[in-house]
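Values quoted throughout were computed directly from the atomic coordinates according to the rules given, and no laboratory measurement underlies them. Everything numeric here is computed off the predicted structure, so don't read it as measured data. FYI the Cβ positions are ideal-geometry reconstructions off the backbone, even for glycines, and counts take in every protein chain you see.
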Amino acid sequence: MIIKTECVRGRVFATRAEANLALFEYIDGFYNSRRIQKRLGFLSPIEFEEKHYANRAAAKQANLNTRQAALAS
């Protein structure tokens with residue numbers, strides 16, 4: 001398994017529990033947050049979240065501009 005190899009290559013663990021923890025931290029903290037996912041439009045979770053908040057901010061700004069124009073009229 002590639003993930004496991006990337007995580008544990010060259011490391012020596014005192015116990016199986018220590019190795020399991022290192023693998024879990026790698027998968028949960030690094031791999032899953034950067035791996036592209038089909039359900040997110042082939043973006044990583046980080047990219048998807050950045051895009052979501054950017055779109056949200058743009059929509060909020062557009063809504064604010066519309067309100068200001070209506071008040072000015």
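Determine, from the Cβ-Cβ distance of N20 and S44 and an R0 of 22 Å, the FRET efficiency 1/(1 + (r/R0)^6), rounded to the nearest 0.05. Kindly include the intermediate steps, with their values, before the conclusion.
Numbers: r = 25 Å, r/R0 = 1.12.
Efficiency, rounded to the nearest 0.05: 0.35.
Expressed in nm to one decimal, what extension gain is obtained for the pair R67 and S33 from 0.36 nm per residue of sequence separation less their Cα-Cα distance? Present the calculation step by step, with values, prior to reporting the outcome.
Numbers: separation 34, 0.36 × 34 = 12.24 nm, distance 3.73 nm.
Computed gain between R67 and S33 is 8.5 nm.
Rg/Rh for the chain: what does it come to with C-alpha atoms and Rh from Kirkwood? Provide the component values of the computation, followed by the final result.
Values: Rg = 21.5 Å, Rh = 15.7 Å.
Rg/Rh for the chain comes to 1.37.
Which of K60, K51, K38 comes first, and how do the rest follow, when ranked by fewest Cβ neighbours within 10 Å? It would help to have the intermediate numbers written out before the result.
Numbers: K60 10, K51 13, K38 7.
With the fewest neighbours first, K60, K51, K38 line up as K38, K60, K51.
So what are the ³J(HN,Hα) numbers for region 7-21, from phi and the Karplus equation (6.51, -1.76, 1.60; θ = phi - 60°), rounded to whole Hz, Gly and Pro as x?
Result, rounded to whole Hz: 7, 9, 4, x, 9, 10, 10, 6, 9, 5, 4, 5, 5, 4, 5.
If each of K51 and R9 carries a label point 7 Å out from its Cα toward its Cβ, how far apart are those two points in nm?
Each label point lies 7 Å from its Cα, and together they span 3.0 nm.
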